[in-house]
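The values are calculated or read from the model by the stated rules, or taken from the named source; none is laboratory data. These numbers were taken from a predicted model, which means no experiment stands behind them. Don't worry about glycine lacking a Cβ; one is built from the backbone with ideal geometry, like all the others, and counts go over all protein chains shown. These accessible areas exclude ligands, DNA and RNA; they are computed on the full protein's heavy atoms, side chains included. Shrake-Rupley method; radii C 1.70, N 1.55, O 1.52, S 1.80 Å.
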Amino acid sequence: MRVQIAARKCEIPDSVRSRTEQQLGKLSKYEPRLSGADVVFKVEKKHLKKVEAVLSVDRGEPVVAGGEGAEFREALDLMVDRLSKILRRRRSQKTDHHGPSISETVPSED
């Protein structure tokens, strides 16, 4: 999966960059069709750090989530938790929980 990281009005430590790529790579277990992620780190009001991500899904709608906190690591963890929750919910909605129809289970009397 391609991960593109951008920083707005701030500097991102290399440890946070590598953690971002590692955490987003783990999300492919929830959605195998993930093709890329665009992540934006930004600082607002001097002490509030925000992280926003848009995940691209092949033949599907993009997934958007964000997080904020006092540190980038905290905001990143919150964002990844939200993304995994959204992807798990999407996957469970795609699963067919209905049993076979009655016409398929009752044998015909020929």
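The figures follow:
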{"quantity": "GluC sites (Glu not before Pro) lying in DSSP loop within the stretch 1-49, provided at most 14 other Cβ fall within 10 Å", "calculated": "GLU11"}
{"quantity": "Contact order relative to length of the chain, as percent, for alpha carbon pairs under 8 angstrom and 6 or more apart", "calculated": "21"}
{"quantity": "Sulfur and carbon atoms: percent of accessible area, the stretch 1-94 [1.4 Å]", "calculated": "46"}
{"quantity": "Packing rank of 58-65, 73-80, where each peptide gets the mean count of other beta carbons within 10 Å, highest leading", "calculated": "73-80, 58-65"}
{"quantity": "Among (i) 1.25; (ii) 0.98; (iii) 0.91, the entry derived from the coordinates for Rg/Rh (Cα atoms, Kirkwood Rh)", "calculated": "(i)"}
{"quantity": "Lysines with Cα under 17 Å of LYS46, excluding same-chain neighbours fewer than 8 positions away", "calculated": "LYS9"}
{"quantity": "Accessible area expressed per residue, the chain, with surrounding protein chains retained (probe 1.4 Å, Å²)", "calculated": "69"}
